1. Restrict the check to segment 6-25 and report whether at least one residue is more than 20 Å from residue 86 (Cβ to Cβ), part of a helix (DSSP H, G or I) and among the aliphatic types (A, V, I, L, M).
2. Go through segment 53-69 and report how many residues are in contact with a Leu (Cβ under 6 Å, 6 or more places away or on another chain) and either free of Cβ contacts under 8 Å to residues at least 12 places away in the same chain or among the charged types (D, E, K, R) (or both).
3. Would you check which residues across segment 18-39 are within 17 Å of residue 89 (Cα to Cα), touching a residue at least 24 places away in the same chain (Cβ under 8 Å) and surrounded by 14 or more Cβ atoms within 10 Å (Cβ to Cβ) and list them?
4. With the condition kept exactly as written, say whether any residue in segment 72-83 is under 19 Å from residue 29 (Cα atoms), in a loop (DSSP other than H, G, I, E, B) and under 17 Å from the mean Cα position of the chain (by Cα).
5. Residues 43, 49: which one is assigned to a loop (DSSP other than H, G, I, E, B) and farther than 28 Å from residue 92 by Cβ?
6. Within the set of pairs 6+ apart or on separate chains, which have a first residue in segment 93-116 that is over 15 Å from residue 83 (Cα atoms), a second that is in a helix (DSSP H, G or I), and C-beta atoms under 7 Å apart?
7. In segment 38-45, is there at least one residue being touching a Gly at 6+ places or on another chain (Cβ under 9 Å) and aromatic (Phe, Trp, Tyr)?
8. Quick test of your reading of the structure: residue 13 fulfils all but one of (1) surrounded by fewer than 16 Cβ atoms within 10 Å (Cβ to Cβ); (2) under 27 Å from residue 99 (Cα atoms). Name the failing condition by number.
Amino acid sequence: MNLESREKLAKLVQELRGSQSLKTFAKRFDVSYQAVSKWESCESFPDRERLAKIANMAGYGLDDFVAYLEGRQPQTPSKLGHLKQQVKNLRMSEFVELYRAMGERLTEIAIAEGVGSK
């Protein structure tokens, strides 16, 4: 992969890792924290198996992800896939806040659609 591809991957890995420590994030891929650090600094590139895991976390299929990294036109990641990844990276307090907001939204939808009324 060229430098531009490595830079795209580095940025994405940093986004996916979010506030997680290098060690915690590395455990998801069964690699050392140094390996993740090298991905983020463009010093190395993950193998195919780990690249597929990163693609999945970002909401891409592997082929589309490689196309994205290489600057070709991939399918865009699914909004749901991206949202799931964001939820996985939330701290407990943020997750609780999101859970409450979802409950409120479900109530609003139910009322608007007349769900449960006779």
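The values are calculated or read from the model by the stated rules, or taken from the named source; none is laboratory data. Quick caveat: nothing in here was measured; it's all calculated off a predicted structure. Counting neighbours? That spans all protein chains shown, and the Cβs are built from the backbone with ideal geometry, glycine included.
1. no
2. Selection size over segment 53-69: 1.
3. Hits for segment 18-39 are 20, 28, 29.
4. Residues of segment 72-83 that are under 19 Å from residue 29 (Cα atoms), as a first pass: 81-82.
This time we only want the ones that are in a loop (DSSP other than H, G, I, E, B), so: none.
Within segment 72-83, not a single residue is under 19 Å from residue 29 (Cα atoms), in a loop (DSSP other than H, G, I, E, B) and under 17 Å from the mean Cα position of the chain (by Cα).
5. On the way: 49 fails: assigned to a loop (DSSP other than H, G, I, E, B).
After applying the criteria, what remains is 43.
6. 116/110
7. No; the residues of segment 38-45 include none that is touching a Gly at 6+ places or on another chain (Cβ under 9 Å) and aromatic (Phe, Trp, Tyr).
8. Here residue 13 meets the rest and fails (1).
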